[in-house]
Amino acid sequence: MAERDFFSRLKRLFSTNVIVRNIGGRKLKIADTEKVQSVARRHLVDRYNRLYNNMSGMSGYNQALYQKTMRLGLFQDYEAMDTDPIVSSALDIYADESTLKGEYGKVIKVSTDNDNIHDILHNLFYDILNIEFNLYPWTRNLVKYGDFFLYLDISEKFGITNVEPLSTYDVTRLEGEDPENPYYVKYMLESGDQRHTAAGASKLEFESYELAHFRLLSDSNFLPYGRSMLEGGRKIWKQLSLMEDAMLIHRIMRAPEKRVFKIDIGNIPPAEVDNFMQKIINKMKKAPVIDEGTGQYNLKYNIQNLTEDFFMPVRGGDSGTSIDNIGGLEYTATDDIEYLKNKLLAALRVPKAFLGYEEAVGSKATLAAEDVRFARSIERIQRILVSELTKIAIVHLYAQGFRDQELVNFELELTNPSTIYEAEKIELWSSKSTLARDVIGEGLLSSDWAYKNIYGFTDDQIKDQKEQIVKDYQEKFRRGQIENEGNDPAESGEAKGTPSDMAMGRTGHELEDEGGSPPGGWNGA
């Protein structure tokens, strides 16, 4: 009963996929695991659902079967595209750039002010999920299919103890099943051969907290599923494949060089020309052929293939035996292939230099550091990964007994491979600091004006910053006292060696063995 109560509470917690907790006063922290606030699904149109609705009047029509057939058609194209070296390299680059290690050798960074939560989540990601090894194939599948499903093996006492990837072919996402809760989500595993989906061997339906659904929400037309990064180049890839096949067929069929033998037949009667020519051909070219009946070599002439020559009888003014060469036809559509290849690379958003082409690669270690457009794509993929990893972390913390604000008292961050954003941020703050220093130093404007108009601070923020500046000066003075006088003002309550201290006749050495005030202090002290 206790176990059922625990999982029923977990189901209620993820009934809307939005976890809201009060973190003090009127401040709320929201963990939106499905990004429902940024994607108003009720106002989006699923093009596949429109197709289903248009065909619903057809006799013998099965909506679920038709939907699965359409998805499988897309997946088959993606599988074929993955065999292409250009597309396969692009998928590898996406996965590599999204899962780089940070400056401290960590793939994912856990930020929290609770050391216990930090240790629990570090154990979850690095020991249970083995994130350093598994995040790469998870990301590659996400980019390839647009979706990736991960089954969570949850224990009431220990939380998540194991995860198992599920095949994208077998999992169906169901939304809108509960009219009272439009955000209720559950998943269904297709029945049948499940040798490669171990988690579904004894269960066909899963609640939202049992599965982590990574999906690329870049196109509302593909909802409730994600859109593959290969979708934009799917048509171009087919055209490029056809063009390359045409080039190969042309080169095989028309490229070989042939020779023309012009044989002088002299005064041979026309009726004997064919026999004469055949006799010459048999002497010059005899190809051994195995007789299927006897298994012996039969030295008869083969049928003409691509490399066979031409024998032509000539007489009269063209008399005289000669041999001429006929060159093969050259393929002139290489520009068309290059045009389609450039369009495919544009759809994949990967510069040609990183796919082994002629452009020189820069000195940067990552592609995202070279190209700002690619860096934005990587950042979007990382946001999706962090969203579902946050959901997994919340499930684990809830099972560990965390409630209220502690349940969302953490932030996850993947390593951004691009230094462009950091450089832009540093340059912006440097410009603001220079401007503020100039207007205040020249006496043109007040510091409050600079705080409000340059930095965009409110009155409360300005007051808080001024108090913090005073504390910084106090800490600086304290350190100077410790360094120069060996005195900690915070403990002794005295300031030694300062100008005001010297002006009052104190040198800071009054309490040494000789000198100083008498016991009980000076009179009137």
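A few remarks follow.
- Annotation: extensible slack from SER433 through HIS122 equals 108.2 nm (criterion: 0.36 nm per residue apart, minus Cα-Cα distance).
- Assuming charge only on the beta carbon of Lys and Arg (+1) and of Asp and Glu (-1), the dipole of region 413-477 about its Cα centre is about 140 debye to the nearest 20.
- Efficiency of FRET between ASP274 and ALA80 - r from beta-carbon atoms, R0 51 angstrom, step 0.05: 0.50
- Once both labels are positioned 7 Å from their Cα atoms along Cα-to-Cβ, the gap between GLU292 and ASP464 label points is 9.0 nm.
- The simple Förster model, with R0 at 41 Å and r as the Cβ-Cβ distance, assigns GLU190 and ARG383 a FRET efficiency of 0.90.
- Rounded to the nearest 10 Å², the accessible area of TYR78 at probe 1.4 Å: 10 Å²
- Relative to its residue count, region 374-441 spans a Cα convex hull of 120 Å³ per residue.
- Here r is the Cβ-Cβ distance between GLU132 and ARG478 and R0 is 56 Å; the resulting FRET efficiency, rounded to 0.05, is 0.85.
- Region 82-192: C-alpha pair distances exceeding 22 Å, %: 52 percent
- Accessible surface of LYS432 - all protein chains present, 1.4 Å probe, nearest 10 Å²: 50 Å²
- A 1.4 Å probe, protein heavy atoms only, puts the accessible area of TRP429 near 120 Å².
The values are calculated or read from the model by the stated rules, or taken from the named source; none is laboratory data. Quick caveat, the model's predicted, so the values are computed rather than measured. Cβ atoms come from the backbone with ideal geometry, glycine included; neighbour counts cover every protein chain shown. Just the protein is used for accessible areas: all its heavy atoms, side chains included, with ligands, DNA and RNA removed. Shrake-Rupley method; radii C 1.70, N 1.55, O 1.52, S 1.80 Å.
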